[in-house]
Each structure stands twice: as structure tokens, then as C-alpha cells.
1. Over the chain, what relative contact order in percent results from Cα pairs under 8 Å that are six or more residues apart?
2. Based only on other Cβ atoms within 10 Å, what is the fewest-to-most ordering of Ile44, Ile58, Ile74?
3. Give the long-range amide H neighbours of Ser130: residues separated by 5 or more places, or on another chain, with amide H under 5 Å away, using H modelled in the peptide plane at 1.01 Å from N.
4. Hey, what angle do you get for helix 78-90 against the long axis of the chain, alpha-carbon based, 0 to 90 degrees rounded to 10?
5. Counting DSSP beta bridges in the chain, what percent are antiparallel, to the nearest 5?
6. To the nearest 20 debye, what charge dipole does the chain have about its Cα centre, counting +1 at the Cβ of each Lys and Arg and -1 at the Cβ of each Asp and Glu?
7. Under a straight-distance cross-link criterion of Cα-Cα below 28 Å, which lysines are reachable from Lys144, leaving out those fewer than 8 residues away in the same chain?
8. Determine the gain in length on full extension of the stretch Tyr137-His33; use 0.36 nm per residue of separation and subtract their C-alpha separation, reporting nm with one decimal.
Amino acid sequence: MKFCSNCSKPLKLIVPKDDSRLRHVCESCGSIHYQNPRNVVGTIPVWGNQILLCRRAIQPRHGYWTLPAGFMEIGESTSAGAARETLEEAGVKVEIGPLFSLLNVPHAEQVHLFYLATMSTPDFLAGEESLEVALFYEHEIPWKEIAFPTVKQTLEWYFSDRSTGLFSSNIEIGVRSRDILLGEKI
């Protein structure tokens with residue numbers, strides 16, 4: 001970041017008063033330009049015993065499989081963004097369930113949130129960002145072609161929870177939330 005979005009003057013990278021981190025500060029108008037993580041929101045679309053995956057038509061990871069997800073927009077909730085991304089990438093309307101996984105991706109300045117979702121019909125179509133879309137049974141998942149570690153982890157948690165019939169939220173902060181709830185030491 002080089003210039004202030006408020007007054008167009010050059011920015012300086014300094015630690016503002018009452019702060020502890022370097023920030024882009026405009027000494028002309030006093031604006032502090034915070035750079036915060038971006039939320040990636042998506043769903044685990046389910047039809048019966050199958051999961052809907054999209055083959056990416058864009059970078060990064062062009063040609064690899066992923067859950068439908070993308071960046072949250074200003075003015076929408078995380079669940080609304082997840083439903084929108086699912087419609088855009090897979091052409092399917094879903095009923096959004098509970099938040100299933102939250103994974104921190106500090107090196108990419110992102111937080112990934114995936115919701116359980118039920119497909120209203122088994123009909124789907126590839127959106128502009130998808131080469132193809134398909135339903136997969138667990139044994140058919142193309143594990144070696146999964147685009148992102150957060151998607152792989154979410155799918156692993158999903159199938160593990162499904163095998164027990166008990167779904168819980170999974171938060172990756174080094175320890176899964178259920179481990180904390182079960183009283184295991186951190």
C-alpha cells in the first residue's frame with residue numbers, strides 16, 4: 001500500500017500511537033489503513049450420501065477440485081456469502097446449516113469458513129469459475145486432486161463426523177474445538 005485511499009497522499013509504515021503493529025499511516029489526513037484477513041466462505045453441499053465438488057477454472061490451483069467457496073462481500077453475512085458462492089460456482093441453491101469448520105490461513109491473510117448445506121435438488125451446473133461440478137460418494141473423492149489443505153481438512157472432518165452421526169463445529173487453532181469440549185489438554 002503506497003497511497004492513502006482518502007486523500008491520495010503517500011503513506012508511511014509506522015506504529016501508530018496506542019498500537020503495537022506497523023500500519024500504513026497517512027501523515028497528511030491521519031488515516032490508518034488496516035490490512036486485515038479476508039474471509040473465504042463456502043459450503044459442504046450434500047445430496048443424500050454425496051458431496052458436491054467443483055473443479056476450478058481459475059487460479060490458484062486451476063483444474064483441482066474444491067468445495068464451492070469464495071471471498072465474502074461487504075454487506076453480507078458469512079452464511080449468505082457461502083450460499084451465494086455455492087450458487088455462483090455450482091449453480092445450486094442450498095439450505096445453509098450450521099458452521100462446520102473454521103480454519104486460519106495466516107500466510108495467505110485469510111480465514112476459511114465452511115457451512116453444512118443441503119442441496120434442494122440434485123441439479124447443478126458449472127459456473128464461470130468451475131470447469132465442471134460433480135457429486136461424489138466418499139470413496140470417489142479425488143483426494144490427490146483437492147485444491148487446498150483447508151478443503152481437504154474440512155472433508156476429512158466431515159466424513160469422520162458423518163461416520164459417528166455426530167456433527168460438531170471444527171475450529172483449527174492447533175486443536176479441534178471438540179477436543180477442547182472433551183476436556184483434553186491443549
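What follows draws every value from the coordinates through simple rules; no lab data is involved. It should be emphasised that the depicted structure is a prediction, and the values quoted were computed from it without experimental measurement. When we count neighbours, we look across all protein chains shown, and the Cβ atoms used for this are built from the backbone with ideal geometry, even at glycine.
1. Values: 360 pairs, mean separation 36.9, N = 186.
Reported as a whole number, the value is 20 percent.
2. Values: Ile44 26, Ile58 13, Ile74 4.
If I rank by nearby Cβ atoms, fewest first, I get Ile74, Ile58, Ile44.
3. Ala57
4. So the helix axis and the longest Cα principal axis differ by about 60 degrees.
5. Values: 28 of 41 bridges.
In the chain, DSSP labels about 70 percent of beta bridges as antiparallel.
6. Working: 18 positive and 22 negative charges, 151 e Å.
That gives the chain a dipole magnitude of about 720 debye.
7. Lys93, Lys152
8. Working: separation 104, 0.36 × 104 = 37.44 nm, distance 4.58 nm.
Taking 0.36 nm per residue and subtracting the Cα distance, the gain is 32.9 nm.
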